[in-house]
Every structure is written in structure tokens, then in C-alpha cells.
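Where a number appears in this text, it was derived from the coordinates with a stated rule and is not lab data. Because the structure is predicted, anything quoted here is derived from the model rather than measured. Positions of Cβ are generated from backbone atoms using ideal geometry, with glycine treated the same way; all protein chains shown enter the neighbour counts.
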């Protein structure tokens, strides 16, 4: 057992969520997701993934699932050609300062109302509702659904993936970038060394790390979409080998290529759940 890791994880486990949001917003010991600190890079990665699959962003209805309260990715998607962007995140704390700073560059997509920076509804919709409520028919189906570092935080990956499929047009597509690492990034596989009971009772952060591996996504997505491509983006075989002997067997497939994967890209099309 790594005592430094365990101590840090327990502090994180019991730290009030408001304090964590403050630390993340101000980048105090916590690094936010790419969409929060580098939205242009996040959108560029999406566009490259689309280009590689022969998919155009132009004129499309796009959902940014788990946008985190910052409009940066949404306005950049609009600038890159999307017709309308839906920002969905029931847990987001709106980044007032960050969104206000977007006005100078993206003012055509934003409005100022009662001292707050808000999306212009002609171009962007913000939904703070549960994805299951949204998928029940409230929102027109999407041409493209995107997420970065969201799926690894979900409790019900299968159920939420089904909800996303219901929101996806028959000709639409999903692109999800998933970070498989322990988010104490110095020890990317350490979370896999604990039993389910210990992890959930003492170590799992309030943001939840579901500890799903590549094989879990390979099992779930083909049940819900007719076309699925899952690509390993990055590996960390050196760190994996350091941890392998302590990793619980349920997280190992015996294929080092799969087991040492730390980031994956999921392309899912032809939704079965319509």
C-alpha cells in the first residue's frame, strides 16, 4: 500500500465539494479537464476525430455532454461551424468569471443579462437536467454528441449511454474521449489495487471514478450502437508494470496492450435505442 496515495485520497474523499470546486476553478493542486482550461484544443481534437471519420461539424446540432459550467467549448464549436450547441451538465457550477472573459472574442454567441454572461439562445442551450429527463423527448435529437473525461465519472455508464443513444439522430454520431487513469495522475493504476468495498467506502472521490477499463467500454457500447470503434490514444506500460502485481484480477484481461491503456477514444454511431 502507498501511504502517500491513501492519505491524499482520503483527504479528497471527505473534502467538501464547494472547496473542491474552488480549488479546481483556481487550479490549486487540481487540474480541470481540457474543456475547462483549453477549449480550443478540445474542439480541435474533436474536429480531427470527425475529419478522420469523414464527418463534418458544419450545420450540425451538437451536444457537449458534461461541459463543466464553462461555455468555451460551446462557443468554439459554433465558431467552427456548428449550427446549435446544447451544453448539458446537471452538476455544473457556472464559471461566471471565465464566461465573462469569453465576451470579447465570442460576443456574437453570448449575451449580457442582469450582470451575467449567458448563451444567446439562438445558438446555444444550457441544460442542467438529468440526462434521463432530457432523453425522454424534451430535446430534439443531436447530430453529434461529444464528451471529454466524463464517462469515467459516471455511476451508470450503460444507462447513460442508452440515454445518449436516444438523443442521437439515426444518422448521428458520438465521440467520447475517456481517461482511464486514476486521477491522482502520478499513480495512474493505483485505484485498481483496492477492493470494491475499500475503494467506495474510503477512497473514491466525490467526483466518482468508476474504475471502468477498456474491456468494459468494449462490452457496453456495442449493445447500444450498431457501429462502434474504440481506439487506444495513449498507453503507460512502464507505470502499469510497476503496479501489475498489486492490481485486482477483475481489472486485468491478460492483454498488456489493453490493460496499460490510459486514454481511449470512442466513436459510436447507428444508435439501437431510438
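Modelled label positions at residue 96 and residue 238, each set 7 Å beyond Cα in the direction of Cβ, lie 4.5 nm from each other.
Residue ranges 72-82, 5-15 sort as 72-82, 5-15 when ordered by packing (mean number of other C-beta atoms within 10 Å per residue, highest first).
Look at the alpha carbon pairs under 8 Å that are at least 6 residues apart: their mean separation over the length of the chain gives a relative contact order of 18 percent.
Classify the chain as rounded, prolate or oblate from the Cα gyration tensor: take a ≥ b ≥ c as the square roots of its eigenvalues, call it rounded if a/c is under 1.5, otherwise prolate when a/b beats b/c and oblate if not.
Values: a/c = 1.92, a/b = 1.33, b/c = 1.44.
Note, shape of the chain comes out oblate.
Once both labels are modelled 7 Å past Cα along the beta-carbon direction, what's the residue 186-residue 248 spacing in nm? Going from the residue 186 label point to the residue 248 one covers 2.4 nm.
What is the calculated FRET efficiency for residue 136 to residue 8, with r their C-beta to C-beta distance and R₀ = 35 Å, to the nearest 0.05? Could the numbers behind the result be given before it?
Details: r = 40 Å, r/R0 = 1.14.
E between residue 136 and residue 8, to the nearest 0.05, is 0.30.
Note on residue 52 and residue 158: the model spin-label points, each 7 Å out from Cα along the C-beta direction, lie 2.9 nm apart. What separates the Cα centres of the range 116-154 and the range 37-101 is a distance of 11 Å.
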